[in-house]
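The values are calculated or read from the model by the stated rules, or taken from the named source; none is laboratory data. Owing to the predicted nature of the structure, the values given are computational and were not obtained by experimental measurement. Because the Cβ atoms are built from the backbone with ideal geometry, glycine has one as well, and the counts that use them run over all protein chains shown. Accessible surface is based on the protein model in full, side chains and every heavy atom, while ligands, DNA and RNA are left aside. Shrake-Rupley method; radii C 1.70, N 1.55, O 1.52, S 1.80 Å.
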Amino acid sequence: MNVSQLAERYHAVRSAIPPSVKLIAVSKKRTVQEIQALYDLGHRAFGENYPQELRDKQPQLPTDIEWHFIGHLQSNKIKYLGAFTRLVHGVDSVKLLDALADRAKGEGRIQDVLLQVHIAQEETKHGFSQDEIRALWATDPAEHWPDLRICGLMGMATNIEFQAQVEKEFNGLHTFFLELRSKGPGRSYFQELSMGMSGDVEQAVKAGSTMVRIGTAIFGERG
Ligand SMILES: *Cc1c(COP(=O)(O)O)cnc(C)c1O
């Protein structure tokens, strides 16, 4: 690992994003040494995709790291995420909301989550449809899941070079986010819009992202 190269990439990414946008360094498949090196440069928010990988790395790293779980989560893997998981980004089913709420309740804490919305043309990407979320909203999720706080939305755009399509998807998600925020439950914590990765961060920020998830542009290509 080349620390000066890491520092250079990190500062380039950070300075290209407005200060108000949270930068989550995606550290899936990175070693604890690489994560520690970025931590030593002052960075604190990291995102992981695989529950067991997060469980294994977390105890080897400083306790003030703010961990985000950004991958596709299966109910039977929730046990690997602990109170150290600050935010679960990719919640894509009612079953998963139920399971996360059960777990949080059992541990006597509140779990913050984002609902993943399917915005891409690819079938492989996960997420609720907008109508499914509208239906949830109508039933007051804060009352239904008192052990969860739905803090916002997350989305992944189609992985293509065609910029207009990516912009359309991000703008559409932002519009939907505003719609939900305006018609309630309107809780003060429904504030986050997690969108943007190395390849489409610029479009995401322009469309109103509050959190970007960046791996490759900071750490280099994954092996
Ligand atoms: C891997 C991953 C990222 C980061 O992707 P890069 O292209 O390396 O920046 C962001 N979000 C999710 C959900 C991912 O799985």
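Evaluation of Ile218 against the conditions (1) more than 14 Å from Leu114 (Cα to Cα); (2) within 16 Å of the ligand (Cβ to nearest atom); (3) outside any helix (DSSP H, G or I) shows that the sole unmet condition is (3).
Among the residues of the stretch 146-159, is there at least one that is small (Gly, Ala, Ser) and within 12 Å of the ligand (Cβ to nearest atom)? The answer is yes; a qualifying residue exists. Among the conditions (1) assigned to a helix (DSSP H, G or I); (2) of a type outside the set (Lys, Arg); (3) in contact (Cβ under 8 Å) with a residue 24 or more places away in the chain; (4) in contact with a helix residue (DSSP H, G or I) (Cβ under 9 Å, 6 or more places away or on another chain), Leu115 misses just one, which is (1).
Do the conditions hold for Ser27, that is, is it surrounded by fewer than 18 Cβ atoms within 10 Å (Cβ to Cβ) and among the polar types (S, T, N, Q)?
no
Looking only at residues of the stretch 186-215 that are open to solvent by less than 20 Å² (accessible area, probe 1.4 Å) and among the aliphatic types (A, V, I, L, M), we find that the one that is nearest to the ligand (Cβ to nearest atom) is Ile214. Residues that are over 16 Å from the mean Cα position of the chain (by Cα), under 14 Å from Gln116 (Cα atoms), more than 16 Å from the ligand (Cβ to nearest atom) and part of a helix (DSSP H, G or I) occur at least once in the stretch 163-178.
Taken as a whole, the condition of being outside any loop (DSSP other than H, G, I, E, B), out of contact with any Leu (no Cβ under 9 Å at 6 or more places or on another chain) and touching a residue at least 24 places away in the same chain (Cβ under 8 Å) does not apply to Lys95. Give the residue that is surrounded by the fewest Cβ atoms within 10 Å (Cβ to Cβ), with candidates limited to residues of the stretch 74-87 that are over 17 Å from Lys105 (Cβ atoms) and touching a helix residue (DSSP H, G or I) at 6+ places or on another chain (Cβ under 6 Å). Across the stretch 74-87, the extreme among qualifying residues is Phe84.
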